2 protein chains.
Amino acid sequence: MKYPSGIKLNTAKNITYDNRGMNLEEDINITNRYYIDNNIAFIYKKPTPIQITKVEFSCNNAIIKEAYFKEPSTTDYNGLYKGKYIDFEAKETESKTSFPLKNIHKHQINHIKNIVNNNGIAFIIVRFNKLNKTFLLLGEDLIQFITNNDRKSIPLDFFNKKAYLIEEKYSPRVDYLKIIDLIYGGKNENE
Amino acid sequence: MKYPSGIKLNTAKNITYDNRGMNLEEDINITNRYYIDNNIAFIYKKPTPIQITKVEFSCNNAIIKEAYFKEPSTTDYNGLYKGKYIDFEAKETESKTSFPLKNIHKHQINHIKNIVNNNGIAFIIVRFNKLNKTFLLLGEDLIQFITNNDRKSIPLDFFNKKAYLIEEKYSPRVDYLKIIDLIYGGKNENE
């Protein structure tokens with residue numbers, strides 16, 4: 001693994017980095033902020049996992065002087081919605097025809113499988129940038145595809161058939177919980 | 001905020017750091033590994049949030065050359081157990097008489113409140129090192145204490161009355177889900 005996409009950096013100096021995922025990530029972060037501010041759901045992006053190898057202290061402040069990006073063992077987002085455990089990964093693709101599975105690590109697939117098998121709600125959000133379409137594909141359908149196919153990508157056709165198109169609007173921008181309500185009935189666990 | 005406790009570093013060179021929290025954190029990580037390996041629960045420690053300000057690339061590898069520790073906006077651990085959303089923070093104290101509340105950030109208290117109010121299971125695990133006692137205190141009891149008291153620490157007596165003592169054993173080391181079963185009945189949400 002080289003480095004993850006979507007890392008936010010303070011300075012642009014000497015930095016050229018792949019910004020695939022930035023826009024969808026930003027949209028989702030803003031959407032999650034909206035959910036939190038309106039007491040709807042408490043879903044956060046996990047910090048990027050890094051391995052710290054050198055720290056210096058000056059004036060009681062710690063400065064990390066050497067660290068490396070690590071491969072994530074779980075998905076990027078998780079949290080709570082109406083008493084339910086929510087877990088997902090978000091990815092963009094420039095392809096017009098399929099979503100390359102190399103975008104999701106084996107650990108993450110395995111994690112999604114565990115969540116599905118243990119009554120959590122897991123899914124992936126995939127945006128086809130060139131098509132202006134953002135889909136929510138349930139973990140069970142993702143796992144089913146991977147189990148039954150040797151293909152290295154999921155064709156758009158599979159998304160059209162099995163996934164849910166997320167309407168994009170001003171606020172919340174990527175209202176993925178509307179889809180979750182649609183699928184799971186929108187009831188609170190304790191109601 | 002200076003730097004969080006419990007940061008794991010690869011090299012010991014030039015590093016002096018506070019290791020409060022290391023042992024409890026390790027015990028919990030091993031316990032969580034046990035839960036995952038035995039398909040019991042999927043609870044992970046979130047990576048330490050950092051602000052990356054400088055990255056260098058050599059031979060296609062990204063090396064973080066400057067970064068700072070950020071204050072966490074949520075608790076350290078969350079995940080899924082029997083269809084339920086689990087969320088907690090773990091802290092050690094050297095005090096024999098009380099747990100200083102400065103150990104938990106305001107953001108985290110607020111987060112715990114949100115989880116409790118939205119039907120998630122939130123708690124703190126507090127180890128009194130000098131007493132060899134590890135308690136699980138439910139989020140609702142923590143919030144109740146903070147709401148009704150101006151004290152800057154929670155007395156041991158409150159833990160003895162309101163919290164649950166976690167039995168420490170060989171494996172799993174800190175079996176906190178046993179307490180959750182005890183309180184919530186151990187039923188799977190979908191049973």
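The values are calculated or read from the model by the stated rules, or taken from the named source; none is laboratory data. All values derive from a computational prediction rather than experimental measurement. When we count neighbours, we look across all protein chains shown, and the Cβ atoms used for this are built from the backbone with ideal geometry, even at glycine. With ligands, DNA and RNA removed, areas are computed over all heavy atoms of the protein, side chains included. Shrake-Rupley method; radii C 1.70, N 1.55, O 1.52, S 1.80 Å.
Below is a table of values for the structure above.
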item	result
Inter-residue pairs, beta-carbon under 9 Å, first without any contact (Cβ under 8 Å) to a residue 40 or more places away in the chain and in segment A:48-65, second of a type in the set (Asp, Glu) and surrounded by fewer than 17 Cβ atoms within 10 Å (Cβ to Cβ), 6+ apart	A:Pro49/A:Glu71; A:Ala62/A:Glu56; A:Ile63/A:Glu56; A:Ile64/A:Glu56; A:Lys65/A:Glu56
Of all residues making up segment A:96-140, the number that are more than 25 Å from B:Ile86 (Cα to Cα) and over 16 Å from the mean Cα position of the chain (by Cα)	6
Residue satisfying all of: in segment B:161-172; open to solvent by less than 90 Å² (accessible area, probe 1.4 Å) and farther than 22 Å from B:Thr97 by Cα; modelled with the highest pLDDT among these	B:Pro172
Residue in segment B:59-69 that is most open to solvent (accessible area, probe 1.4 Å), counting only those that are of a type outside the set (D, E, K, R) and within 7 Å of chain A (Cβ to nearest Cβ)	B:Asn60
Test result for A:Phe158, at pLDDT 95 or above and either open to solvent by less than 30 Å² (accessible area, probe 1.4 Å) or assigned to a strand (DSSP E or B) (or both)	no
Scan of segment A:41-55 for residues that are open to solvent by 20 Å² or more (accessible area, probe 1.4 Å), at the interface with chain B (Cβ under 9 Å from one of its Cβ atoms) and in contact with a helix residue (DSSP H, G or I) (Cβ under 8 Å, 6 or more places away or on another chain), ordered by number	A:Tyr44
Qualifying residue in segment A:113-122 (condition: of a type outside the set (A, V, I, L, M, F, W, C) and touching a residue at least 40 places away in the same chain (Cβ under 8 Å))	no
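Residue by residue, here is whether (1) open to solvent by 50 Å² or more (accessible area, probe 1.4 Å); (2) modelled with pLDDT under 95; (3) within 12 Å of chain A (Cβ to nearest Cβ); (4) assigned to a strand (DSSP E or B) holds:
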{"residue": "B:Phe57", "(1), (2), (3), (4)": "yes, yes, yes, yes"}
{"residue": "B:Glu71", "(1), (2), (3), (4)": "yes, yes, yes, no"}
{"residue": "B:Asn78", "(1), (2), (3), (4)": "no, no, yes, yes"}
{"residue": "B:Ala90", "(1), (2), (3), (4)": "no, no, no, yes"}
{"residue": "B:Ser95", "(1), (2), (3), (4)": "no, no, no, no"}
{"residue": "B:Ile109", "(1), (2), (3), (4)": "no, no, no, no"}
{"residue": "B:Lys113", "(1), (2), (3), (4)": "yes, no, yes, no"}
{"residue": "B:Asn119", "(1), (2), (3), (4)": "yes, no, yes, no"}
{"residue": "B:Ala122", "(1), (2), (3), (4)": "no, no, yes, yes"}
